[in-house]
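To start, the structure itself, in structure tokens.
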Amino acid sequence: MEHKAKLARVVIGFRGLGLLRRWPLGDDAEAEEELRTMADMLAHRDELPLGEVFDLESLDIADGYAAWSETYDTLPNPLIDEEERALRPLLAEIPPRDALDVGCGTGRVTQILSELGHRVVGIDPSDAMLDRARAKGIPATFRSGSFEALPAADASVDLVTCMLALTHVMDLGPAFREFARVLRPGGTVVTTDIHPIATALGGVALFRRADGSRAATANHTHWVNTYVRAITDAGLTIERCAEPLVDEGFKVGMRSEEVRKAADVGLTGLPLLLIWVLRRSE
């Protein structure tokens, strides 16, 4: 499905969110100034830069990741940059053993795990993504597979990773049950994802193709209690939960100056990512 995405909607929307977050105890003078800014933007929303409109194609997960595979490793992605900044220290704490990287995509985290000394198998449902991963020459094995039926034996790995992928599944339960099934006693699960507050505010997997056209795939909103229920029902124990916030590092990666300014008003300090470190009991 094709959409006409107008810059004014996201810029004014972010600023409106910032205004709401500061009501009713924020500075009255600042609120009035922000209202005047928004009124001026509304009056000129059809003029550049706010009037910029770009075509956006909505794709399902399979078609979306097949298309994204062409540019996934080459174009900037501030969400991934922020995620890796939080993720790398966590992974560095885990002794190198047998690891399963679920939703491995082009092998981004598979490569990190391999560099840390793990023996890694990467699993992904997208053949296009797996082709890119295999072409990198990472010392790992790559297999096609789904979250609901991982191509791995029971109790066969010590570490399961799943990064920025669970937002694309409808039901978290089957995925976490599979993570628990393939883990050896005492094994670890590390997952990251876009935070449910971000998806509830309209966060989607937005990307550019090689020809410069834009496309997006939808994200499902899984609230924290939904994660907790799926995790505990699978017999896993929560060891750590982290919620990295929107900060300057994330906003710097935004291409539009207008969007950056609006994000500074509306998004700063909101949770951006949700990270879990889990354990299977001995």
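The values are calculated or read from the model by the stated rules, or taken from the named source; none is laboratory data. Computed from a prediction, not measured in an experiment: that's the story for all the values here. Every residue, glycine among them, receives a Cβ derived from its backbone with ideal geometry; neighbour counts consider all protein chains shown. Each accessible area value is taken on the protein alone, full model and side chains, heavy atoms only, with ligands, DNA and RNA left out. Shrake-Rupley method; radii C 1.70, N 1.55, O 1.52, S 1.80 Å.
Across q = 0.15, 0.16 Å⁻¹, the stretch 76-120 modelled as identical point scatterers on its alpha-carbon atoms has Debye log10 I(q)/I(0) values of -0.37, -0.42, in the order of the q list. Per the Cα gyration tensor, the stretch 148-217 maps to an equivalent ellipsoid with semi-axes of 30, 14, 11 Å, ordered largest to smallest.
Looking at the stretch 140-244, the GluC sites (Glu not before Pro) that sit in a DSSP loop and have at most 14 other Cβ atoms within 10 Å of their own Cβ are 148. For Kirkwood radius over Cα pairs in Å, computed directly from the structure shown, the correct entry in [x] 19.3; [y] 20.2; [z] 21.4 is [y]. Give the angle, between 0 and 90 degrees and rounded to the nearest 10, that separates the Cα long axis of helix 78-92 from the longest principal axis of the Cα atoms of the chain. Between the helix axis and the principal axis of the chain, the angle is about 30 degrees. How would the stretch 82-182 be classified by its alpha-carbon gyration tensor: rounded, prolate or oblate, with rounded meaning a/c under 1.5 and the a/b versus b/c comparison settling the rest? Rounded shape, in that the Cα axes give a/c under 1.5. Under 16 Å from a label point set 7 Å out along the Cα-to-Cβ vector of residue 240, the amide N atoms of the stretch 61-95 belong to 83-95.
Counting heavy atoms of the protein chains alone, residue 261 has an accessible area of about 100 Å² for a 1.4 Å probe. Of the residues 70, 2, 84, ranked by 1.4 Å probe accessible area with the largest first, the sequence reads 2, 70, 84. Each Lys or Arg adds one and each Asp or Glu subtracts one; over the other residues with Cβ under 10 Å from the Cβ of residue 45, this totals -1.
Placing +1 on each Lys and Arg Cβ and -1 on each Asp and Glu Cβ, with no other charges, gives the stretch 42-127 a dipole about its Cα centre of roughly 560 debye. Between helix 224-233 and the chain there is an angle of about 10 degrees, using the helix long axis and the longest principal axis of the Cα atoms.
When both the stretch 167-208 and the stretch 71-136 are represented by their alpha-carbon centers, they are found 15 Å apart. Comparing 203, 105, 58 along the charge dipole axis of the chain, the residue lying farthest to the positive side is 105, per the Cβ-charge model. Counting only alpha carbon atoms, the long axis of helix 7-21 and the longest principal axis of the chain meet at about 90°. Per q in 0.16, 0.20 Å⁻¹, report the Debye log10 I(q)/I(0) for the stretch 113-153, using one uniform scatterer on each alpha carbon and no solvent. Here log10 of I(q) over I(0) equals -0.41, -0.62.
Farthest toward the positive end of the dipole of the stretch 34-87, out of 69, 39, 49, is the Cα of 39, where the dipole comes from beta carbon charges about the Cα centre. Classify the stretch 1-46 as rounded, prolate or oblate from the Cα gyration tensor: take a ≥ b ≥ c as the square roots of its eigenvalues, call it rounded if a/c is under 1.5, otherwise prolate when a/b beats b/c and oblate if not. Because a/c hits 1.5 or more and a/b fails to exceed b/c, the stretch 1-46 counts as oblate. Among the chymotrypsin sites (Phe, Trp or Tyr not before Pro) found in the stretch 202-231, those both in a DSSP coil and sparsely packed, with 16 or fewer other Cβ atoms within 10 Å of their Cβ, are 223. Using Cβ point charges alone (K and R +1, D and E -1), the dipole size of the chain about the Cα centre works out to roughly 640 debye. The separation of the stretch 216-245 from the stretch 1-41, counted between C-alpha centres, amounts to 30 Å. When nucleic acids and ligands are ignored and a 1.4 Å probe is applied, residue 37 ends up with an accessible area of around 40 Å².
Accessible area per residue (1.4 Å probe, heavy atoms of protein chains only) ranks 257, 82 as 257, 82, with the largest value leading. Among residues other than residue 246 with Cβ under 14 Å from its Cβ, the summed charge is -2 (Lys and Arg +1, Asp and Glu -1). The overall shape of the stretch 5-91, judged from the alpha-carbon gyration tensor, is oblate: a/c is not under 1.5, and a/b is no greater than b/c.
When the surface is traced with a 1.4 Å probe over the full set of protein chains, residue 213 keeps roughly 40 Å² accessible.
Short-range pairs are left out: with C-alpha atoms under 8 Å and at least six residues apart, the relative contact order of the chain is 21 percent. Amide H contacts of residue 101 (H built 1.01 Å from N, in plane; Pro and chain starts excluded): 121, 122, 123, 161 sit under 5 Å, all sequence-distant by 5 or more or on other chains. Each Lys and Arg Cβ is given +1 and each Asp and Glu Cβ -1; about its Cα centre, the stretch 139-282 then shows a dipole of about 240 debye. The sum of -39500 (n - 2.57) across all DSSP H runs of n ≥ 4, divided by the residue count of the chain, sets its helix-only mean residue ellipticity at 222 nm to -11500 deg cm²/dmol.
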